[in-house]
Amino acid sequence: MSDSNADHFYNPDEGHGLRHDPFKAIVAPRMIGWISSRDPDGRVNLAPYSFFGAFATFPYIIGFSSEGFKDSIANIEATGEFVWNLASKPLAEKMNQTSATVPREVDEFELAGLTKAPGVNVAVPHVAESPAALECKLLQIIRLKSLDGTPMNNWLALGQVVGVHIRREFLKDGMFDTAAAQPIMRAGYRGDYAGIGEMFEMIRPTS
């Protein structure tokens, strides 16, 4: 471990030497993977994941990673479908409720007082109150491995977006109004969340 005036460097396998692990605070803010899924018997699950992202366009591909083979991964592996729901500031407390560890038969939509809206191209409901939702078909579930090839207890699900829901109040002049939607994001340590803050435009150079 090296700690100079310029920076604090550490090898992750030797420990960070700080009060709390800074990794999640550095890789922040992160969109929340608020994932709805359904098992083969029709039981619905809704759960938030802090490791989530978009990976491609044309076709749109999104993914999330689960620490542990949880119900969401099991459901998606079995049915090949899931939905990402945008977690907004007005829905923050309800989203947090769906993070509770509950028996498989508990419906998190009902637990959090959320409305199920039916899917169009998937048999998985989405959160009707959410500003936007992305219906997905499974592409891959990948068990992650460390550098030495050891399988980890982490599972990455990648899906292709096959349907997009946008609540009309969040469309302005033909564009999705991100600021009005108030997405919330994981922003560091255990209970830290953030909004999008001030937005600004910067166009890429053409040459």
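Collect the residues in region 161-183 that are of a type in the set (D, E, K, R) and either surrounded by 15 or more Cβ atoms within 10 Å (Cβ to Cβ) or over 23 Å from Gly119 (Cα atoms) (or both), keeping them in residue-number order.
Taking region 161-183 as the starting set, the residues that turn out to be of a type in the set (D, E, K, R) are 167-169, 172-173, 177.
Arg167, Lys172, Asp173 - these are the residues of region 161-183 that are of a type in the set (D, E, K, R) and either surrounded by 15 or more Cβ atoms within 10 Å (Cβ to Cβ) or over 23 Å from Gly119 (Cα atoms) (or both).
Within region 49-62, if we keep just the residues that are in contact (Cβ under 8 Å) with a residue 40 or more places away in the chain and surrounded by 15 or more Cβ atoms within 10 Å (Cβ to Cβ), the residue that is farthest from Thr98 (Cα to Cα) turns out to be Tyr60.
Condition check: more than 15 Å from Ser37 (Cα to Cα) and β-branched (Val, Ile, Thr). Does Ile141 satisfy that? For Ile141, the condition - more than 15 Å from Ser37 (Cα to Cα) and β-branched (Val, Ile, Thr) - is not met.
Among residues of region 100-118 being part of a helix (DSSP H, G or I) and among the hydrophobic types (A, V, I, L, M, F, W, C), the one that is surrounded by the most Cβ atoms within 10 Å (Cβ to Cβ) is Phe109. If you check Ser36, Ser88, Ser72 for being more than 14 Å from Ser130 (Cβ to Cβ), in contact with a strand residue (DSSP E or B) (Cβ under 8 Å, 6 or more places away or on another chain) and either buried (at least 18 other Cβ atoms within 10 Å of the Cβ) or not aliphatic (A, V, I, L, M) (or both), only one passes: Ser72.
Results for (1) within 17 Å of the chain's Cα centre (by Cα); (2) without any contact (Cβ under 8 Å) to a residue 40 or more places away in the chain; (3) surrounded by 19 or more Cβ atoms within 10 Å (Cβ to Cβ), shown as yes or no for each residue.
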| position | (1), (2), (3) |
| --- | --- |
| Phe64 | yes, no, yes |
| Gln97 | yes, yes, no |
| Val120 | no, no, no |
| Ala123 | no, no, no |
| Pro131 | yes, no, yes |
| Glu135 | yes, no, yes |
| Gln140 | yes, yes, no |
| Pro151 | no, yes, no |
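Readers should treat all values here as calculations from the given coordinates under stated rules, not as data from a laboratory. Model, not experiment: these values are computed from the prediction. Don't worry about glycine lacking a Cβ; one is built from the backbone with ideal geometry, like all the others, and counts go over all protein chains shown.
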